[in-house]
Amino acid sequence: MQFGVFTVGDVTTDPTTGRTLSEHERIKATVEIAKKVEEVGLDVFATGEHHNPPFAAPANPTVLLANIAAQTERIVLSTSTTLITTNDPVRLAEDYAYLQHLAEGRVDLMMGRGNTGPVYPWFGKDIRDGIPLAIENYALLHKLWREESVDWEGKYRTPLQGFTSSPRPLDGVAPFVWHGSIRSPEIAEQAAYYGDGYFHNHIFWPASHAAKMVRFYRQRFEHYGHGTADQAIVGLGGQVFMRKNSQDAVNEFRPYFDNAPVYGHGPSLEDFMQQTPLMVGSPQQVIEQTLGFRDYAGDYQRQLWLVDHAGLPLKTVLEQLDILGEEVVPVLRKEFAALKPAHVPDAPTHASLVDAAGGPRESTVHGVDDVTGKSPATV
Amino acid sequence: MTLKIAVVTAGLSDPSSTRLLADQLAAETVRRLESSGREVDVDVIELRPLAHNLADFMLTGFASGDLEGALASVAHADAVIAVSPVFTASYSGLFKMFFDALDNDALDGTPVLIAATAGTARHSLVLEHALRPMFAYLKAVVVPTGVFAASEDFGSTNGGALTGRVQRAARQLVALLADEAPSRAQRPVKVTIDNPEDTPDFASMLAAASR
């Protein structure tokens, strides 16, 4: 099982000091967090994609992830999420394949639609087309990574004739894809159809919502013949804040909770902990709660936590990562591994996908005309 | 099949004239349905105890506590009786918040009887300029007679005018619940996490997207 963190890159005023980071400070802090994820022995760092304040998340996550790839050796770099609706699938195919090469395959990505209405028209799109955009764009992206010469006609972009997306995916193997959705069964259906992973954010809403979506995805994964329902590839989010003494955790986190984006100024911390998977307490409480996710999500492959939002200072975030790495994840690794039946697979990695494809395949497409850059397929 | 009637009442005091009017409308509706041999199940939803859950809903986007059940009850009702006090020339904020929290397709085709209470009869058009357009937006079938009651209607019989309006409105609501009217179960469903099995097959979604 993989453990890691996902960030939304929010630039939020620290309510206890009134201080707000500059974009520069937030961006550099994000890189520090990613390096710490590797240092403490976690497995995954995932970044959101944003195009508007109050976020300093990259507009193109591959820029940040390439920088982190150069400073780490082991962790998987991922997204939470890559906007499949407003990005051109051609650019996604090219950028993430390039990142695969730079990161030696330590890359996967999570597709999301984005729920901020005003963002869509900035990229010539309309939020009301969210689901059809996600379906059409991903169908093209999927093809671009797998076929050298692509003919394509769809509703949302200009047609392609004999187009070769380059660079080709590393070793001829497309990065693994997760599809994230909180409450749209259509996206769980999409993930199941392709045999891709399904990720539930599992933060802001009751766990019962995640349970329903995961159950549906598993059923459909089996329906499409990718394996049995319990072999489907599931990821969950989560939100934790820990101190040795649980009351200290509650006291320290409360002002951040009360003023947080999304749910701040709403329910009390206690109510929200009861209603959603938020856990503020001791490392032991986090361990017990996380093991409990399995009761409704089944044996799952990836657990990502949100630890750096709502204005928490970098120092505190790094302390949280220390606690995760030293006290929480080693126990969870052991416990989850002991519970997982042998026929349930781990999350796919570049290495496992290369193995499944029968070994690495040198897939460079050499251009035949270096003046016009014309694709070989059209010559 | 038992008919489900949800009564939404936004009165704040106890006793509340809004609740009183809601009860009169519900009782008259039930009496008429039962006298024609129908079985009726009435669920009265007082909004006051849901006020905190509604404020939380505005901020978190999910229904906590009893709000989830209350919204489901209205969404699955065969008919709704909705009664608000008039605050500052319109329905109360609490009343509006409840319907803001409801999915916009939840009342598609549902017969709704609208009613309001106020301290003065000068607010009587609130039903026409506030409640009726809101339920029209929600695609509900609003009963032609709305029932408005001011303080003086509860104080005097006034020739039974209020009672007459209650009876007429209930009669019109019951007429919309005739046997041949499509029940909720027959209406098209919107896919949500509560009915993921209704999600279209992926091949058809893909075909529709690229059409």
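The values are calculated or read from the model by the stated rules, or taken from the named source; none is laboratory data. What you see is a predicted model, and the numbers here were worked out from it, not measured in a lab. Every residue, glycine among them, receives a Cβ derived from its backbone with ideal geometry; neighbour counts consider all protein chains shown. These area figures cover heavy atoms from the full protein model, side chains too; ligands, DNA and RNA do not enter into them. Shrake-Rupley method; radii C 1.70, N 1.55, O 1.52, S 1.80 Å.
Worth a mention:
- Relative to the Cα centre, the charge distribution of the protein assembly as shown, modelled as +1 at Lys and Arg Cβ and -1 at Asp and Glu Cβ, gives a dipole magnitude of about 1100 debye.
- Derived scalar couplings ³J(HN,Hα) [region B:47-61; Karplus, 6.51 cos²θ - 1.76 cosθ + 1.60; whole Hz; x for Gly, Pro]: 7, 3, x, 9, 4, 5, 4, 5, 4, 4, 4, 4, 9, 9, x
- Counting only alpha carbon atoms, the long axis of helix B:161-176 and the longest principal axis of chain B meet at about 20°.
- The charge dipole of region A:135-266, taken about its Cα centre with unit charges on the Cβ atoms of Lys, Arg (+1), Asp and Glu (-1) only, comes to about 360 debye.
- In the protein assembly as shown, a dipole from Cβ-located charges (positive for Lys and Arg, negative for Asp and Glu) runs towards its positive end, and of A:S184, A:P121, A:L306 it is A:P121 whose Cα lies farthest in that direction.
- Looking at chain B, the accessible area is 47 square angstrom per residue; that uses a 1.4 Å probe and ignores ligands, DNA and RNA.
- Between amide H atoms placed 1.01 Å from N, distances below 5 Å from A:Q239 occur with A:M279, A:L306, all of them 5 or more places distant or on a separate chain.
- For chain B, carbon and sulfur atoms together expose 54% of the accessible surface, with a 1.4 angstrom probe and every protein chain in place.
- Residue-by-residue Karplus 3J(HN,Hα) for region A:71-88, coefficients 6.51, -1.76, 1.60, Hz, glycine and proline x: 10, 10, 10, 10, 5, 7, 9, 9, 10, 8, 9, 8, 7, 7, 8, 9, 8, 6
- Cα-based shape type of region B:1-144, given that a ≥ b ≥ c are square roots of the gyration tensor eigenvalues and the cut on a/c is 1.5: rounded
- Buried area at the A:B interface is about 2200 square angstrom, summed over both chains, from accessible surfaces computed with a 1.4 angstrom probe.
- Excluding exposed DSSP-loop GluC sites (Glu not before Pro) (at most 13 other C-beta within 10 Å), longest clean stretch of chain A: A:154-361
- Apportionment of accessible area to carbon and sulfur, region A:1-148, percent (1.4 Å): 52
- Added length on full extension, which subtracts the Cα-Cα distance from 0.36 nm per residue, B:Y137 to B:R171: 9.9 nm
- Estimated vicinal HN-Hα couplings, Hz - region A:19-35 in sequence order (Karplus 6.51, -1.76, 1.60; Gly, Pro = x): 8, 10, 5, 6, 4, 4, 4, 5, 5, 5, 4, 4, 5, 4, 4, 4, 5
- Here the dipole of region B:77-128 is about 400 debye; that uses its Cα centre as origin and unit charges on the Cβ of Lys and Arg (positive) and Asp and Glu (negative).
- Cα-based shape type of region A:41-178, given that a ≥ b ≥ c are square roots of the gyration tensor eigenvalues and the cut on a/c is 1.5: oblate
- For the pair A:E25 and B:R38, label points projected 7 Å from Cα toward Cβ lie 6.5 nm apart.
- Projecting the Cα atoms of B:L206, B:V42, B:L176 onto the charge dipole of region B:3-209, computed from C-beta unit charges around the Cα centre, puts B:L176 farthest toward the positive end.
- Each Cα pair under 8 Å and six or more residues apart adds its sequence gap; the mean of these over the residue count of region A:2-378 is a relative contact order of 19 percent.
- For the protein assembly as shown: rounded, prolate or oblate by the Cα gyration tensor [a/c cutoff 1.5]: prolate
- Between 0 and 90°, nearest 10: helix A:329-339 axis offset from chain A longest Cα axis: 70
- Amide proton proximity set for B:A150, modelled H, under 5 Å, gap of 5+: B:A118
- Cα lying deepest toward the dipole's positive end in the protein assembly as shown, options A:T30, B:S73, B:A10, charges on Cβ: B:A10
- A 1.4 Å probe run over the protein chains yields, for chain A, 41 Å² of accessible area per residue, whole-number rounding.
- For A:Q2, the residues whose modelled amide H falls within less than 5 Å of its own, excluding neighbours fewer than 5 places apart on the same chain, are A:R302, A:Q303, A:A347.
- Applying both filters, DSSP loop and at most 15 other Cβ atoms within 10 Å, to the GluC sites (Glu not before Pro) of region B:31-70 gives B:E39.
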